[in-house]
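Enquirer: Handing you this structure, nothing more for now.
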Amino acid sequence: MIYIPCYNVLTLPDVSCYFRLDYLNGMSDQPVKAGDKVLFLMLKEQREGGEIEAEDIYPIAVRGAVESIDNQWALVHTTNRVNLDSIQVEGKSFRLEMRMRPDLNDLDPDEKEERFQKMRSAMLQTFQGTQWMQGDRSYMQRWKNMNEIVTFTSALLQISNEEKYAILEEDSVARRTELMEKAFYESLELYKVSSEAQSAQQESNEKLYREQALRRQIDFLQKELDDLHPENVTDIRKFEQKIQESGMNETARAEAEKVLNRMKQEGQESHEYGMLYDYLDFVTSLSWKKEKAAEIDLKAAREVLDEDHFGLKKTKERIIQQIAVMALNQKQSGSILLFVGAPGTGKTSIGQSIARALDRKYVRISLGGVRDEAEIRGHRRTYIGAMPGRIMDGIKRSGASNPVVVLDEVDKLVRDYGGDPSSALLEVLDPEQNSTFTDHYMNVPYDLSDVLFVCTANTTDTIPEPLLNRMEVISFPGYSALEKFQIARRHLLPKAMEKAGIREEDFTISDEGLKALISDYTMEAGVRGLKNRLDALCRAAAVQIVSGSSSRVSVEPKDLRDILEVSPIRHDHILETKNPGIVTGLAWTQAGGEILFIETLFTKGSGKITVTGQLGDVMKESVQIAISLVKAMFPEKEELFEKNDLHIHVPAGAVPKDGPSAGITLTTALASLVTGKPVPPELAMTGEVSLRGVVMPIGGLPEKLMAAQRAGVKRVLIPEENTDDLRDVAEEVKQELEIIPVHQVQDVLRLAGILEESTQDHTQV
Ligand code: ADP
């Protein structure tokens, strides 16, 4: 006898069932062969490890015999139920005492047959066409009774192990049939419900599979096409991947995919291909991912600013404030600083330092000469040769979405037929609008709100009001000779040497040499020319070192002329001689401050006035005011103006000068002319004047005073209202000049020696 203990499987009597041989052998204590008698035991529960104990076995079992073995299958026929009177288990072998347990045949055989047929057709119908049925169909057709159906499906019935045993235990065939039907039909319904849900799921899966299949198909066709045009392949694959990886927003991705599809259709011979290529190359090279701001360390930021630039204390402090405010607001941008000053005063390079201090990418966008709005905002792609605007182009070059952007020369934007570039710039700088800045070329919005913009300009005069209002002006007045000396020693010279590949021990320039270089070979507010001169010195030294003519080069003032191959600059120096009608004035130009001479002359005539030199309209008005003032102050000299022609000349100089700041100079020159009293050339002055003779404030005082000192001026008259500006003037400049604030034009004339000194005291600063 071979024992087959089963759990959750119900084997009923009068059943012919195929079992897999390995399944039977796995459960029985020995291999089965044809003719073996078997006993199916039902287990109450399954123990881990498969060990069975006596109390695990239900007391009713089913007897049978192996009819045949065919390949991997054993055909087993069961005959009847038995009661197990005693059960002993030792390891895998059992010792059992059993008795036959008869059925109570209380069901009409016809009805029994009818109900069996009904169950079988329900089964066949439900599983019609499912994969599950294919192999088992003919087997099912051979079923002879309900017991076979239940045995065959018992593992799948949705009832518990005890309920299954309850069926086996039932003696009444009628009752047992009812139990079997209940279990079967309920399970069948459950199956149907869940399979409907499954098929709904399947439907959506099918859609997905279909889509995947179509995509595979497209890929396949694309590959075929690619094989025909191998030259297109790499571009398209490359962009597909770049679009995937770019982190673009939805709109941008949709646009890029549209263009990519066009590119696929067009092929490389198409004249549009290049344009499509450029577009994709541009948008996929932009950084679309939001970068996180690096932790802000104010102390380190300060160190970076000090390391890169000498001086500029106020500017650096304002930058540190900006950084602190950004940190507190947890923002990557803030107020827009506008650095205003002459070329070479460090405006751009301090922008670069800000980026370094914040550990962010840096890019410089030059706006000089931009006259077309499209240069800021891009050309629409429908134009031939369309390009992105300078802003987006700069962002792309930076390689980040949060760079520090220096917008250079915002004062050089030109309003023209091409629209107003400054209004486009306004949009770029407006935090309300710049999170969706749309370049016409890109045609999709890009978020500029994390970009930190810094602007530079030589003057605020030409910046449109609305744009100027957006920005906070920080002025760079230029450097004194002493500051230039320090900048050259600490920054420019080491850099120039490094650029020329010169070692520290191979080159020196004495302090006197450097000072001479600054005073005699440069004339500027900034240090750009000085930097160029130092570069030139280092290049010349490199030649000497390499050619072996000298292993160590040292430069003294006398050597400069030969090495640089230029003569020293002749500065506008104060005049040597005193002549009535000539006065030293001070002007502000975009290149820094300058001294100028106002020359006046009477020639025989009839009251004509000639003004020559480079003068703006405003200065011409100053001429009128000066004449009226002088006539009023010296009524006895009025005749001179009637009997002579007056000629006023302001030597042109290199840069045009404008502004009314020459008012007191003009007045003084005329007063000197009419009185015949010369004004000392070492006295310079700047200030506007009103018809009432009040001296009015002017701009650019620091630059003007630096120019005065450079030119050898000793005393300077400035408007009283400008006294506060003296804070921005370098100490050494103030030390060398006698600066006298004046309020009335009479004071000016007295200090110039034209009017008699009164007892009134003037204050010296
Ligand atoms: P700007 O933008 O005002 O025309 P740049 O920033 O281009 O001037 O400066 C010209 C050169 O001078 C740069 O190489 C810069 O590093 C250097 N420079 C200017 N000011 C300073 C300074 N205070 N300290 C060190 N280098 C300076």
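Enquirer: Quick one: which residues, 5+ away or cross-chain, put their amide H under 5 Å from the amide H of Val444? H built at 1.01 Å from N.
Expert: For Val444, the qualifying residues are Asp439.
Enquirer: For a quick check: sort Cys455, Cys6 by the number of other beta carbons within 10 angstrom, fewest at the front.
Expert: Details: Cys455 29, Cys6 20.
Ascending number of Cβ neighbours within 10 Å: Cys6, Cys455.
Enquirer: Take the residue pairs Lys112/Lys192; Lys396/Lys484; Lys207/Lys290; Lys643/Lys714; Lys313/Lys578; Lys361/Lys734 and return only those whose Cα atoms are more than 32 Å apart.
Expert: Going by Cα-Cα distance, Lys396/Lys484; Lys207/Lys290; Lys643/Lys714; Lys313/Lys578; Lys361/Lys734 fall outside the 32 Å limit.
Enquirer: Could you tally the net charge around Glu45, taking each other residue with its Cβ under 11 Å from the Cβ of Glu45, Lys/Arg +1 and Asp/Glu -1?
Expert: Net charge in that neighbourhood comes out at -3.
Enquirer: Here's a follow-up. Compute the length gained on full extension between Tyr185 and Glu162: take 0.36 nm times their separation in residues and subtract their Cα-Cα distance, giving the result in nm to one decimal.
Expert: Contour length minus Cα-Cα distance gives 6.5 nm.
Enquirer: For the chain, with the dipole built from +1 on Lys and Arg beta-carbon atoms and -1 on Asp and Glu ones, taken about the Cα centre, which of Val473, Ala711, Met100 lies farthest toward the positive end?
Expert: My answer, from the dipole projection, is Ala711.
Enquirer: Calculate, for Glu245 and Leu208, the FRET efficiency according to 1/(1 + (r/R0)^6) with r their C-beta to C-beta distance and R0 22 Å; round to the nearest 0.05.
Expert: For Glu245 and Leu208, the calculated efficiency is 0.35.
Enquirer: Excluding residues on the same chain fewer than 8 positions from Lys264, give the aspartates and glutamates whose Cα lies under 19 Å from its Cα.
Expert: Once the sequence-local aspartates and glutamates are set aside, what remains near Lys264 is Asp219, Glu224, Asp226, Asp227, Glu231, Asp235, Glu240, Glu255, Glu272, Asp278, Asp281.
Enquirer: Using a 10 Å cut-off on Cβ atoms, rank the peptides 83-93, 319-329 from the highest mean neighbour count down.
Expert: 319-329, 83-93
Enquirer: Using a Förster distance of 35 angstrom, determine the FRET efficiency expected from the C-beta separation of Glu721 and Asn579, and round it to 0.05.
Expert: 0.70
Enquirer: Next question, about the same structure. Counting other beta carbons within 10 Å of each Cβ, put Phe220, Phe602 in order, fewest first.
Expert: Phe220, Phe602
Enquirer: If you take every residue apart from Asp85 with its C-beta less than 10 Å away from the C-beta of Asp85, what net charge results, scoring Lys and Arg +1 and Asp and Glu -1?
Expert: Charge balance near Asp85 sits at 0.
Enquirer: Straight-line reach only, C-alpha to C-alpha below 15 angstrom: list the aspartates and glutamates that Lys677 could link to, leaving out same-chain residues fewer than 8 apart.
Expert: Within the straight-line cut-off, Lys677 pairs with Glu599, Glu756, Glu757.
Enquirer: Excluding Pro680 itself, what net charge comes from residues whose Cβ is under 9 Å from its Cβ, given Lys and Arg +1 and Asp and Glu -1?
Expert: Result for the local shell: +2.
Enquirer: For segment 83-94, take each phi angle, set θ = phi - 60°, evaluate the Karplus expression 6.51 cos²θ - 1.76 cosθ + 1.60, and give the result in whole Hz per residue in order, putting x for glycine and proline.
Expert: 8, 9, 7, 9, 10, 10, 10, 10, x, 9, 9, 10
Enquirer: Now, a different point. Projected onto the charge dipole of segment 298-476 (+1 at Lys/Arg Cβ, -1 at Asp/Glu Cβ, origin at the Cα centre), which of Pro343, Ala327, Ile365 gives the Cα projection farthest towards the positive end?
Expert: It is Ala327.
Enquirer: Hey, another quick one. Would you list which aspartates and glutamates come within 14 Å of Lys314, measuring only between C-alpha atoms, while excluding same-chain residues fewer than 8 positions from it?
Expert: Asp306, Glu472, Asp725, Asp728
Enquirer: List, in order, the whole-Hz ³J(HN,Hα) value for each residue of segment 579-589 obtained from phi through the Karplus relation with A = 6.51, B = -1.76, C = 1.60 and θ = phi - 60°; use x for Gly and Pro.
Expert: For segment 579-589, the Karplus-derived couplings read 10, x, x, 10, 9, 7, x, 10, 10, 9, 10 Hz, x marking Gly and Pro.
Enquirer: Return the FRET efficiency for the residue pair Asn469, Val414: r is the Cβ-Cβ distance, R0 is 22 Å, and the value is rounded to the nearest 0.05.
Expert: Using R0 = 22 Å, I get an efficiency of 0.65.
Enquirer: Gap in Å between the Cα centre of segment 416-481 and the Cα centre of segment 186-265?
Expert: When both Cα centres are located, 43 Å separates them.
Enquirer: Any of Lys44/Lys182; Lys316/Lys531; Lys92/Lys182; Lys242/Lys412; Lys258/Lys347 with alpha carbons more than 32 Å apart? Name them for me.
Expert: Lys92/Lys182; Lys242/Lys412; Lys258/Lys347
Enquirer: Next question, about the same structure. By how many nm would the segment from Ala54 to Glu257 grow when fully extended, if each residue of separation counts as 0.36 nm and the alpha-carbon distance is taken off?
Expert: Numbers: separation 203, 0.36 × 203 = 73.08 nm, distance 7.17 nm.
That pair, Ala54 and Glu257, stretches by 65.9 nm at full extension.
Readers should treat all values here as calculations from the given coordinates under stated rules, not as data from a laboratory. Note that this is a predicted model, so its numbers are computed, not measured. Don't worry about glycine lacking a Cβ; one is built from the backbone with ideal geometry, like all the others, and counts go over all protein chains shown.
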